[in-house]
Structure formats: structure tokens, C-alpha cells
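Quick notes on the structure that follows.
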Amino acid sequence: MAGRDVPQSDADDSGEPKSDSRGRPESVNRGGRSRKPTAWFGSLSQLEFDVDFFERLLTRKQDSIEVLRILAELVSRKGAVKRAVELDRRLVELLPDDFLARYNLACSLARAGRSDEAIDALSRAILLGYDDLTHMESDPDLESLHDNPDFQALLGSE
């Protein structure tokens, strides 16, 4: 955004923000109505803004691995567990042999309370090459699995 508080599309040909009839900067929302620049970003947290931005990117590039990975991480941080599971499942569809995609799906499933599916995804991640068992044991996303005998078996500490 080149250091401005308004979107680039709201700049005139000189690169300066557009002004209303009183010389105040204006922004145009999707409905075509003018609004103050603070309403465009000021009402959103950085996380909400980022999620919205990457959701919009995903509508344009539905199979973008990079967009899916970033968006899944963002929605997970936001606590939108159901959406994180959806995105991680899509990544696994696109990258069936990627152990990191499987591991992240397991994390989302564990956070969603779906322990059997999470254990299955972890097992597959390990079979595909995931080998950081120390991280797996301390990952807060997998905390709900710590007392699960199948999880303990994956760690080799049964």
C-alpha cells in the first residue's frame, strides 16, 4: 500500500488519495458508497484484515498452495477451527504426499475435537516423512491428544 492508509485503488492518477468535495480523503466500498479510510481498515484487527485479504485471494486462485497455507494458518490463529479444517483438507487433496499438509490437518482436527481423524492424519504424516516427534509432543495444537493411547504410540512412549 506504499505507506498510505487507503487502498491503492482509491488513489488518483498522481498516486494521492481521492478527495471528496471538501478535500477530505475518501474510499469507496463494494456497494459504491463513499466512506472514510478508517472504516476500510480501522475497524478491523490486523488478523481480520489478513484473513479477509487472503480469502479474497483464494476466490481468484482457488488452487494456490501458498494462499491456502497462509490462510489456513491465519484462520487457525483467529480460532476459526472449522474453516481451518476445510482449508487443510483442501491442501491435502492438492498435496497428498506432503507430510506438512497432513501434520497441519492433524493439528486442525485435534483443535476441532476430532481425535480419531487427527491421529490418522498424524500417522499418515509420519509415514510420509514427518519426523519431529519432539515438536509433535509439545505442539499446543495437539494438546487434546496427549492422553490418547494412539498418540502415545505414535510418539513411541506407550
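Quick one: how many residues across segment 63-82 are of a type outside the set (A, V, I, L, M, F, W, C) and either in contact with a Ser or Thr (Cβ under 8 Å, 6 or more places away or on another chain) or within 24 Å of LEU128 (Cβ to Cβ) (or both)?
6
Applying the selection to segment 74-106, what residues are in a helix (DSSP H, G or I), touching a residue at least 12 places away in the same chain (Cβ under 8 Å) and not aliphatic (A, V, I, L, M)?
SER76, ARG77, LYS78, LYS82, ASP88, ARG89, ARG90, PHE99, ARG102, TYR103, ASN104
If TYR130 meets every condition in (1) hydroxyl-bearing (Ser, Thr, Tyr); (2) touching a residue at least 24 places away in the same chain (Cβ under 8 Å); (3) in a helix (DSSP H, G or I); (4) over 24 Å from ALA80 (Cβ atoms) apart from one, which number is that one?
Failing condition for TYR130: (3).
Please count how many residues of segment 107-127 are over 16 Å from the mean Cα position of the chain (by Cα) and not in a helix (DSSP H, G or I).
Residues in segment 107-127 being over 16 Å from the mean Cα position of the chain (by Cα) and not in a helix (DSSP H, G or I): 2 in total.
Looking at (1) modelled with pLDDT under 90; (2) among the aliphatic types (A, V, I, L, M); (3) more than 8 Å from the chain's Cα centre (by Cα), which is the only condition VAL51 fails?
(3)
Specify which of the listed residues (ALA101, ALA110) is at pLDDT 95 or above, touching a Lys or Arg at 6+ places or on another chain (Cβ under 9 Å) and among the small types (Gly, Ala, Ser).
Numbers: ALA110 fails: touching a Lys or Arg at 6+ places or on another chain (Cβ under 9 Å).
Among ALA101, ALA110, only ALA101 is at pLDDT 95 or above, touching a Lys or Arg at 6+ places or on another chain (Cβ under 9 Å) and among the small types (Gly, Ala, Ser).
Name the residues in segment 99-127 that are surrounded by 15 or more Cβ atoms within 10 Å (Cβ to Cβ) and more than 20 Å from LYS82 (Cα to Cα), would you?
Going residue by residue through segment 99-127, those that are surrounded by 15 or more Cβ atoms within 10 Å (Cβ to Cβ) are 99, 101-112, 114-115, 117-126.
PHE99, SER123, ARG124, ALA125, ILE126, listed by residue number.
From the set of residues in segment 133-158 that are among the acidic types (Asp, Glu), surrounded by 14 or more Cβ atoms within 10 Å (Cβ to Cβ) and touching a residue at least 24 places away in the same chain (Cβ under 8 Å), which is nearest to LEU71 (Cα to Cα)?
Within segment 133-158, the first condition is being among the acidic types (Asp, Glu), and the residues that meet it are 137, 139, 141, 143, 147, 150, 158.
Still in the running and surrounded by 14 or more Cβ atoms within 10 Å (Cβ to Cβ): 137, 139, 141, 150.
Subset that is touching a residue at least 24 places away in the same chain (Cβ under 8 Å): 139, 141, 150.
Details: ASP139: 20, ASP141: 17, ASP150: 30 Å.
So the residue we want is ASP141.
Quick one: is ASP63 in a loop (DSSP other than H, G, I, E, B) and either buried (at least 19 other Cβ atoms within 10 Å of the Cβ) or over 13 Å from the mean Cα position of the chain (by Cα) (or both)?
Values: in a loop (DSSP other than H, G, I, E, B): yes; either buried (at least 19 other Cβ atoms within 10 Å of the Cβ) or over 13 Å from the mean Cα position of the chain (by Cα) (or both): yes.
For ASP63, the condition - in a loop (DSSP other than H, G, I, E, B) and either buried (at least 19 other Cβ atoms within 10 Å of the Cβ) or over 13 Å from the mean Cα position of the chain (by Cα) (or both) - is met.
The values are calculated or read from the model by the stated rules, or taken from the named source; none is laboratory data. As the structure is a computational prediction, the values presented were derived from the model and not from experiment. Cβ atoms come from the backbone with ideal geometry, glycine included; neighbour counts cover every protein chain shown.
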